[in-house]
Every structure is written in structure tokens, then in C-alpha cells.
Amino acid sequence: MDRSRAIVLHQIKYSETSIILKIYTEKDGLLSFIVKGVRGKRGKFRSAQFQVLNLLEINYKEAKKSRLRHIIDLKISEPFTELLFNPVKRSIAMFISELIQHCIKEEEPNPELFNFLHSYVHWLDLNQGNCSHFHLLFMMKLTKHLGFYPMTEDRYQGNYFDLQQGGFSIQKPLHAYYIDSKVLKAWVELIDCKLEALDSLNFSNELKRSLLKALIAYYKLHLIHFKELNSHRVLHAVFNDE
């Protein structure tokens, strides 16, 4: 039996009473689990315990004839106070969950990445300030752990950021994958910004959409397996209603 801190990423209905989970664990990386009886009256666990981004501590074991593991017991390590009930935070949580699933495929531990995800999710839940820039900062900082954080040399002198090369340049790139002007300035602000200073960002909704588009393009260029995101459309709708 293994024990680990864990972050719930996704759940799907498997049968009338069972669900299959995607969970990112500190000990073993991304794992799949089957939880039986979760929809029945006598089940040991409840579906609410596996809400998106729930922060858990779990005991689990491998199945003999399947890659689906079984959870023996669990506790919610950091019960949410707002994340599941605030519509903006919940929309961000859905986006982050989808993003993580698109970026992380391997069953191998990465304690630094886990601690990053855990701390950012916990902060999102507790923060009482404006969270409308959180997803942009999260995407930027996540690239540090995925291996393609922007090269920061010349970030104050460069006229362009080359999304393909991952660096700033004076000369305009000879391809279409670059940003400049207002988006470039905001890109530099994201690089320089720390989580605790998130409230210092003040981008218009149009600029946030442009940054998100650039970040998604950046991910697509550097992650071969990166698929089209769907949940960012919900973010656009939420922020347009602010």
C-alpha cells in the first residue's frame, strides 16, 4: 500500500455506482483510480470528495490485473472555503485541471511540480483579492516545471518575443509565432510578477484574451502532445460578464 498527497484532476462516471479518477500524486505522478460504490448508499466514499482540484491525502494500492488503482482511505487535507462556490474561481479551477491533464502524461514523481500545483491551488481558494489574472500567471509559471520557461535576457530591451524560440529579440522573427506591442509588455509583467503580487496586474479583458491566446500557442509549440483546450471559452464568458 502507498500513501501520498494528491490533487484531483478529473472524474468520469464508470457505472451506476462507480467513477474513474485522474489524480496527480506527489509519490507517483499522474495515476488513474476506480472508486466503486461512490454513487450508492453504502459506499465508503462520496463523489463530493473528488471535486476538481480537491487536495487529498490518500492510501492506495495497485490492482492485480488493471492499471486502475484502488483508494483504501483518504482525507481532504485542505478543505476548500471558496473555490467550489465562487463562480470565477470554479471556472479557473476547471481550466487549470484541463491544462494540467494536457501537460502531464507520465506516471513518474515530480515533487517540485506537485508542490507548485498544491500551493497555487491552495492560494486560489484562500485569496480574497481579484483572481481574474490567476490563470495567466499560473500558465506562465507552470512552464518553469515543464521545461520551456521564457529566456528572460533582453526582456526589457526586446521588441518581440519569439514563441517558437522562447526568447526576446530586437529583430522581428521570420515566422508568425511572436508577440509584440501591448501583449509583449503584459508578457514581461507576467514573467516578473510573483503570486502574492497578483493584484498588481491590471489587464483589460481584451488584453487577457490576447495573452491567453499567446500562452496557448506557446504551449502548443513546445509540447508535442498538447491538445486543444475547451474550458478557456468559459473563462472568456465569465470575464466578459465582470
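The values are calculated or read from the model by the stated rules, or taken from the named source; none is laboratory data. All figures in this text were calculated on a predicted structure; none of them were measured in a lab. Using ideal geometry, Cβ is built from the backbone for each residue, glycine included, and neighbour counts are taken over all protein chains shown. Side chains included, ligands, DNA and RNA excluded: accessible areas come from the protein's heavy atoms. Shrake-Rupley method; radii C 1.70, N 1.55, O 1.52, S 1.80 Å.
Tabulated data for the structure shown
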item: Residues being open to solvent by less than 20 Å² (accessible area, probe 1.4 Å) and more than 21 Å from Pro111 (Cα to Cα) - total across region 44-63; result: 2
item: Single residue of region 67-87 satisfying the filter (in a loop (DSSP other than H, G, I, E, B) and under 20 Å from Glu107 (Cβ atoms)) that is least open to solvent (accessible area, probe 1.4 Å); result: Leu68
item: Pair list, Cβ < 7 Å and 6+ apart or interchain, from region 105-121 residues that are touching a residue at least 60 places away in the same chain (Cβ under 8 Å) to residues that are exposed (fewer than 11 other Cβ atoms within 10 Å of the Cβ) and not in a helix (DSSP H, G or I); result: Lys105/His225
item: Entirely in region 133-242, the helices (runs of 4 or more DSSP H) that have 3 or more residues that are under 25 Å from Ile104 (Cα atoms), open to solvent by less than 30 Å² (accessible area, probe 1.4 Å) and modelled with pLDDT of 95 or more; result: 134-146, 181-192, 205-222
item: Residue tally, condition within 20 Å of Ile19 (Cα to Cα) and in contact with a strand residue (DSSP E or B) (Cβ under 8 Å, 6 or more places away or on another chain), over region 71-97; result: 7
item: Inter-residue pairs, beta-carbon under 7 Å, first closer than 12 Å to Ile100 by Cβ and in region 217-229, second part of a loop (DSSP other than H, G, I, E, B) and of a type in the set (A, V, I, L, M, F, W, C), 6+ apart; result: Tyr219/Phe226
item: Breaking point among (1) under 18 Å from Val8 (Cβ atoms); (2) out of contact with any Asp or Glu (no Cβ under 9 Å at 6 or more places or on another chain); (3) free of Cβ contacts under 8 Å to residues at least 60 places away in the same chain, for Asp154; result: (1)
item: Number of the condition not met by Lys36 [criteria: (1) touching a strand residue (DSSP E or B) at 6+ places or on another chain (Cβ under 7 Å); (2) more than 22 Å from Lys141 (Cβ to Cβ); (3) surrounded by 14 or more Cβ atoms within 10 Å (Cβ to Cβ)]; result: (1)
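Conditions tested, residue by residue: (1) closer than 23 Å to Asn230 by Cα; (2) in a helix (DSSP H, G or I); (3) at pLDDT below 95; (4) open to solvent by less than 10 Å² (accessible area, probe 1.4 Å).
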position	(1), (2), (3), (4)
Lys65	no, no, yes, no
Lys105	yes, no, yes, no
Pro109	no, no, yes, no
Val121	yes, yes, no, yes
